Amino acid sequence: MHVLIVDDEKNIRELMGTYLGLEGMESDSAENGLSAQRFLRERLYDACLVDLKMPGMDGLSLIKWIRDEGFRMPVIMMSAHGEIRDAVKALKEGAQDYIEKPFDPEEISIRLSKLIEHQRLKNLVESEQFGKGSQREENLIGTSEPMNKIRDIIERIGKTPATVLITGESGTGKEVVAREIHQKSIRNEGPFVAINIGGVPEQLLESELFGYEKGAFTGAVGRKIGMFEVASGGTLFLDEIGDMPLALQVKLLRVLQDRKITRLGGTSPIPIDARIIAATNKRIEDQVREGLFREDLFYRLNVVRIEIPPLRDRLDDIPILTARILARLNTEMGVSLSGVSEAAFSELQQYSFPGNVRELENILERAVIFAEGDEIELSDLELRGVVLHDVAKESKEAILAIDASEDEARTLKEIEMHAIIRSLHRWEGNRTHAAEELGISRRTLINKIAEYGGDI
């Protein structure tokens, strides 16, 4: 915890700094409000101790400035005057507590700890609200050699502040890996805030990330705190980073360089203290070569790279994944299936899983719904309306068949339209899953459907 002490009396600053150090807290000290503004612009603090009477800028003016600028740390007002109206004014301007001089340093330490913990819990609540609809929290599952290597990397980087780039096909569990990194880090008591870049309309993405001030644009009737601030003290997970517009890539690069953000409509930079983890299912190096992703941003994000292999390359993990998923489904759906029959399990092991772990979850969930016995049978897998077969092999054979005859030759548009139709049918019209299977963003898929109009 890092505290800013603002008092014009040097002995008070030194006394509090020494005592807080004994309590395991770091501190900086400023001798007046103007000096405190400089400190607050340079780094993020967990709390502030502010004296009421100071030359230049008094404590009440400083607290008002702190709140007007949008800083969220708790503030304790200190005063030697003991007047009730001072406490009332301080609380009205945004102080969370008020203490009269002379005071017991231990009491201030206790109050600080309580206020900091309260703010931490508030950030956690807000992070959960931002994360609604994100992937279900699970531990990293699998005992194959590729998964053990990923665990080793996580153990090595967990205690560092290094930025991480996670790559892999859709459905491989990139958010699960990101959460595991967060849990292994020194920030694990802070919030984990996740945003799917491809799932937020471009015109709203900037305000979601950076927040905005009242009046920044039509409809901005109040201040909004962005995800960078909500993730303070924790981790910000930027999923589908490859879908970020180039204009926003420039702003993200500046944030990674300066560790500060400016809200839309704001003028003052705000320090941020969040670890950045990004993920993509795209070939990011290809995007750089094609000019779709900034090379300098790629290098900023690619400090530590974790490549998650597709499920077809770690078939040894299917038994433990199946057992863990089935155990969860038993609990969630109020059933008690004992497992998967030998025939059904054999079919699962021969499948290529183009949708990876997410597809395995969907297959098992459907099977649980239709299962009539004590375990999942092969017929239960078929009842979900999808015949388990190697889609990748089928697609390859279909393309070869097209090439085999000039009479059956198709345009690229027809091939693309055919792939989209098949994927939509396979996922029963679910555009999000279809886009993930096709390796494009949901926004791109919607645009394609609109482009082809009634043909789809």
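Laboratory data are not the source of any read-out in this text; all were calculated from the coordinates shown. The structure presented is a predicted model; accordingly, all values stated were derived computationally and were not measured. When we count neighbours, we look across all protein chains shown, and the Cβ atoms used for this are built from the backbone with ideal geometry, even at glycine.
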### Query
How far is helix 318-333 tilted off the main Cα axis of the chain, in degrees rounded to 10, range 0 to 90?
70
### Message
Among VAL164, ALA279, GLY265, whose Cα projects farthest towards the positive end of the dipole of the chain, with charges put on the beta-carbon of Lys, Arg (+1) and Asp, Glu (-1)?
### Response
GLY265
### Query
Once the Cα gyration tensor of region 274-383 is diagonalised, what are the square roots of 5 times its eigenvalues, in whole Å and ordered largest first, as equivalent ellipsoid semi-axes?
38, 15, 11
### Query
Based solely on its DSSP helices, what 222 nm [θ] is calculated for the chain when runs of n ≥ 4 H residues each add -39,500 (n - 2.57) and the sum is averaged over all residues, nearest 500 deg cm²/dmol?
-15000 deg cm²/dmol
### Message
Taking just the alpha carbons, could you work out the radius of gyration and Dmax for region 145-309, both in angstroms?
### Response
15.8, 54
### Summary
Taking R0 as 45 Å and r as the Cβ-Cβ distance between ARG328 and LYS214, the FRET efficiency 1/(1 + (r/R0)^6), rounded to the nearest 0.05, comes to 0.55
### Message
Nearest 10 degrees is fine. How inclined is helix 246-258 to the longest principal axis of the chain, computing both from alpha carbons?
### Response
40
### Task
List the pair-distance distribution P(r) of region 225-281, using every Cα-Cα distance, as the percent of pairs falling in each 10 Å bin from 0 up to the bin containing the longest distance, rounded to whole percents.
22, 57, 20, 1
## Note on the structure
Given backbone amide H placed at 1.01 Å from N, residues whose amide H is under 5 Å from that of ILE5, ignoring those fewer than 5 places away on the same chain, are ASP28, SER29, ALA30, LEU49
### Query
How large is the Kirkwood hydrodynamic radius of region 306-363, in angstrom, based on all distinct alpha carbon pairs?
12.2
### Message
Please compute the length gained on full extension between LEU34 and ARG85, using 0.36 nm multiplied by the number of residues separating them and subtracting their Cα-Cα distance.
### Response
16.0 nm
### Summary
Cα extents of region 1-52 along the principal axes, largest first, in whole Å, come to 28, 23, 14
### Summary
For the chain, the longest principal axis of the Cα atoms and the Cα long axis of helix 59-68 enclose an angle in degrees, to the nearest 10, of 20
#### Entry: Dipole magnitude of region 251-344 about its Cα centre (Cβ charges: Lys, Arg +1; Asp, Glu -1), debye to nearest 20
560
### Message
Once you place label points 7 Å from the Cα toward the Cβ at ARG431 and SER268, how far apart are they in nm?
### Response
4.1
### Message
Charges on Cβ only, +1 for Lys and Arg, -1 for Asp and Glu, centred on the Cα centroid of the chain; of SER113, SER352, PHE237, which one is farthest towards the dipole's positive end?
### Response
SER113
### Task
State the volume of the convex hull built on the alpha-carbon positions of the chain, expressed per residue in Å³ and rounded to an integer.
183
### Query
With a sphere of radius 9 Å drawn around the Cβ of ILE12, what net charge do the other residues whose Cβ falls strictly inside it have (Lys, Arg +1; Asp, Glu -1)?
-2
### Under 5 Å, built H, 5+ apart or other chain: amide partners of VAL303
LEU165
### Rg and Dmax [Cα atoms of region 149-243; Å; Rg one decimal, Dmax integer]
15.3, 50
### Task
Report Rg (one decimal) and Dmax (nearest whole number) for region 2-124, counting Cα atoms only, units Å.
13.0, 37
## Note on the structure
Between the alpha carbon centres of region 208-233 and region 50-65 the gap in Å comes to 26
